[in-house]
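Asker: The structure is given below, and queries will be raised subsequently.
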Amino acid sequence: MAGYCWKGFFIMTFDKLYHEFFDTGMFMSRGASMNWHSDLVMADVLASIVNSVACSALAIGILLFSLRRRDFPWHIHLASYLIFGLFFVRAVQNLMAVLLIWQPLYGVQTLFQMGSATLTMTAALVLWTMKDKFLHIPGPAHIKEVEGRLREMSARISTSSANVDQMIDDKTLELLTARQRFEQALRGAGISVFTQDKNLRYTWLFSPSAELTLSGVGKTDFEVIPPSSCGPVVALKQRAIAGRKAVEGEISITEHGRETWYRMHIEPVLDEHGDVLSLNGIAVDISDRKMLEDEQVRLSSELAANLQYYKLAMESSHTVVFTIDKDLRYATVSHEFLGKQPEFYIGKTNAEALSPENYAFIKPLKQKVMDTGEAVRGEFKAKVGNGTRWYDISLAPLKNRAGLVVGLTGAAIDISERKGWEQHLRLLMRELTHRSKNLLAVIQAMARQTARHTDSVDMFIERFGARLHALAGSHDLLVQESWQRASISELLSSQLGHYSDLIGTQIIVKGPQVYLNPDAAQNLGMALHEMATNAVKYGALSTPNGQVTIMWEWKGQGAKRVLRLSWREKGGPAVKEPKSRGFGSQVIERNLTRALGADVKLDYAPNGFKAEMDLPQKLTLDEHDVEEGENQAEPDAIVLR
């Protein structure tokens, strides 16, 4: 019942208010109140419309201003919205005033008036509380002052900006110049600089090769370096990543058939946890250095070889090279000299190092070089141990840049062998002169004897030529043996050379190796020639079935020991003893007996000619004498003696 009562109360109250505010029949319109005076009504309507339009325009302008100026603080926006509301409500009220001309909607107008009052009151309170904020809004003078300051500040900023721009331009130019110089220096030095991420992809790269500098960024080593050379490069960088420390190494890269050597320094960049972020690297082209090192190794090898050759040459030529300072003290000595090792001479003067005899000869030569600055040369004989040696010494000055003599260098060549050969040559010349005279005497006698036993010139020429040939054969053997000896076997080969095809069949040769001295060789050679000639003309070799046996052997002992050489013929024509002794018989009997002291027996038996010649042992040389003879033919023996 109570609820019903309250409901009825509200309905009655609402109905009452509705009739009071919205029941137009109770009131008179404003036009009616103005008796519908047309001028007055039109003026009122026009004024209300103009006010409504003006308020609407102001409201819209304020709203647009607030919406577009988001930079203003919040209280400005709040004030703008409140003022917008006031002008908007005022515009509606003016429109309501126009409606009231014809319709008495005073209740509605009252409601709008109440809302306007509420809004106005709210705006007044809000604006009043924010009056301090609005008071701090700068006025025109302040704004003008601020604008002046801003202009000054802008001018200063512009000036500073210009200065900064100029400074930036200068620094940019300076940086560009420094970069160009840096790149030029790197290019000239053959240095490449690069950075790579931990995946070994290039993030920055400078190389003397412009093409690689432009195209290398973003690529890996496998895309930049030839595959055949990439392995060692990547391995070096992986080692830096694994070890988290800088590494260095020398790498060879072959490209287009040309090998280039680089010395690479790789340094990892670590984060705060020690993990590798990237790599910084430098690669220096050391190809020239490598080439120089290889050339140095080659030259060192050549120098070592040349020094070895020089040492061998010095040793084989018996040459000693030395240097002496300005105080005439030995600074260097290459080999043993005068029987003493090089160390013995270092730091010593000639007076301290040499014997008085050697010093007396060498001092004037060295002093002359020091005084005159000219090279000198001489030969001297020095006492070495228990013997003597000959030296050819050459001395030359050592000069500084000013041309002053500050020492000397010299070479001493052991010419003892040459001196020995010269002595040997002199002996040979004397021997040759002596033997030439003897030979001429033999030839003269041989010519007289041949002429005496020949009946015509043609026969003389034939026999004399054959005998000269035989003599020449003996001489050839002696010359081959340096006129020291000739073996019997070689002598037979020489004299029987024309019948060499018969040796072993019709000519039998037997005997030990025996050497004869030159006189025995010459005379025995002539005798063998005469017997061979007679055998061919009249004896065993004149028939196909004949045979000559030549044998020699030792007979007897001690002082009576002789070398018996026998010549036996058989199978030839019957032999008759000659009625007169010709040249051949004289050569066999007289020359061997008189010249050599040999015991000669000739037997003209009918069945074949026989000859036995006992040569004294003094005409022969045994093995010991042969070796001595050989040594005597060598220049060392002559030089040493």
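Per-residue answers, yes or no, for (1) in a helix (DSSP H, G or I); (2) under 16 Å from D614 (Cα atoms):
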residue: S500; (1), (2): yes, no
residue: D519; (1), (2): yes, yes
residue: N523; (1), (2): yes, yes
residue: H529; (1), (2): yes, no
residue: W554; (1), (2): no, yes
residue: K576; (1), (2): no, no
residue: I588; (1), (2): yes, yes
residue: L592; (1), (2): yes, yes
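Asker: Considering only residues that are among the acidic types (D, E) and in a strand (DSSP E or B), look in segment 267-291 and name the one that is nearest to the chain's Cα centre (by Cα).
Answerer: The selected residue is D285.
Asker: Oh, and also: Return a yes/no flag: does segment 127-141 have any residue that is assigned to a helix (DSSP H, G or I), touching a residue at least 12 places away in the same chain (Cβ under 8 Å) and surrounded by 13 or more Cβ atoms within 10 Å (Cβ to Cβ).
Answerer: Of the residues in segment 127-141, the ones assigned to a helix (DSSP H, G or I) are 127-129, 131-135, 140-141.
Applying the additional criterion that residues be touching a residue at least 12 places away in the same chain (Cβ under 8 Å) yields 127, 133-134.
Next cut, surrounded by 13 or more Cβ atoms within 10 Å (Cβ to Cβ) only: 127, 133.
The answer is yes, given that some residue of segment 127-141 is assigned to a helix (DSSP H, G or I), touching a residue at least 12 places away in the same chain (Cβ under 8 Å) and surrounded by 13 or more Cβ atoms within 10 Å (Cβ to Cβ).
Asker: Quick one: how many residues across segment 338-358 are more than 42 Å from the chain's Cα centre (by Cα), closer than 13 Å to I324 by Cβ and in a helix (DSSP H, G or I)?
Answerer: Number of matching residues: 4.
Asker: Condition first: touching a Phe, Trp or Tyr at 6+ places or on another chain (Cβ under 9 Å), surrounded by 15 or more Cβ atoms within 10 Å (Cβ to Cβ) and not hydroxyl-bearing (S, T, Y). Now tell me which residues in segment 220-248 satisfy that.
Answerer: D221, V224, C230, V233 - these are the residues of segment 220-248 that are touching a Phe, Trp or Tyr at 6+ places or on another chain (Cβ under 9 Å), surrounded by 15 or more Cβ atoms within 10 Å (Cβ to Cβ) and not hydroxyl-bearing (S, T, Y).
Yes/no matrix, rows are residues, columns are (1) aromatic (F, W, Y); (2) at pLDDT 80 or above:
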| site | (1), (2) |
| --- | --- |
| N386 | no, no |
| P397 | no, yes |
| N400 | no, yes |
| L408 | no, yes |
| I415 | no, yes |
| W421 | yes, yes |
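Asker: Another question about this same structure. Cβ-Cβ distance below 6 Å, separation of 6 or more or different chains: which pairs start in segment 195-206 with a residue that is under 17 Å from C230 (Cβ atoms) and modelled with pLDDT under 85 and end on one that is small (G, A, S) and in a loop (DSSP other than H, G, I, E, B)?
Answerer: Final answer for the pair search is L205/G216.
Asker: Can you tell me which residues in segment 50-71 are surrounded by 14 or more Cβ atoms within 10 Å (Cβ to Cβ) and in contact with a Ser or Thr (Cβ under 9 Å, 6 or more places away or on another chain)?
Answerer: I62, L63, F65, S66
Residue-wise test of (1) in contact with a strand residue (DSSP E or B) (Cβ under 9 Å, 6 or more places away or on another chain); (2) surrounded by 14 or more Cβ atoms within 10 Å (Cβ to Cβ); (3) more than 30 Å from V405 (Cβ to Cβ).
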| site | (1), (2), (3) |
| --- | --- |
| S278 | yes, yes, yes |
| V297 | no, no, yes |
| Y330 | yes, yes, no |
| L338 | yes, yes, no |
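Asker: Please find, within segment 513-551, the residue that is modelled with the lowest pLDDT out of those that are in contact with a Pro (Cβ under 9 Å, 6 or more places away or on another chain) and surrounded by fewer than 23 Cβ atoms within 10 Å (Cβ to Cβ).
Answerer: Y538
Asker: Please name all residue pairs, on different chains or six or more residues apart, with Cβ atoms under 9 Å, provided the first residue is in segment 606-625 and is at positive phi and the second residue is in a strand (DSSP E or B) and modelled with pLDDT under 90.
Answerer: Going by the 9 Å Cβ cut-off, there are no qualifying pairs.
The values are calculated or read from the model by the stated rules, or taken from the named source; none is laboratory data. The shown structure was predicted, so the numbers you read here are calculated from the model rather than taken from an experiment. Using ideal geometry, Cβ is built from the backbone for each residue, glycine included, and neighbour counts are taken over all protein chains shown.
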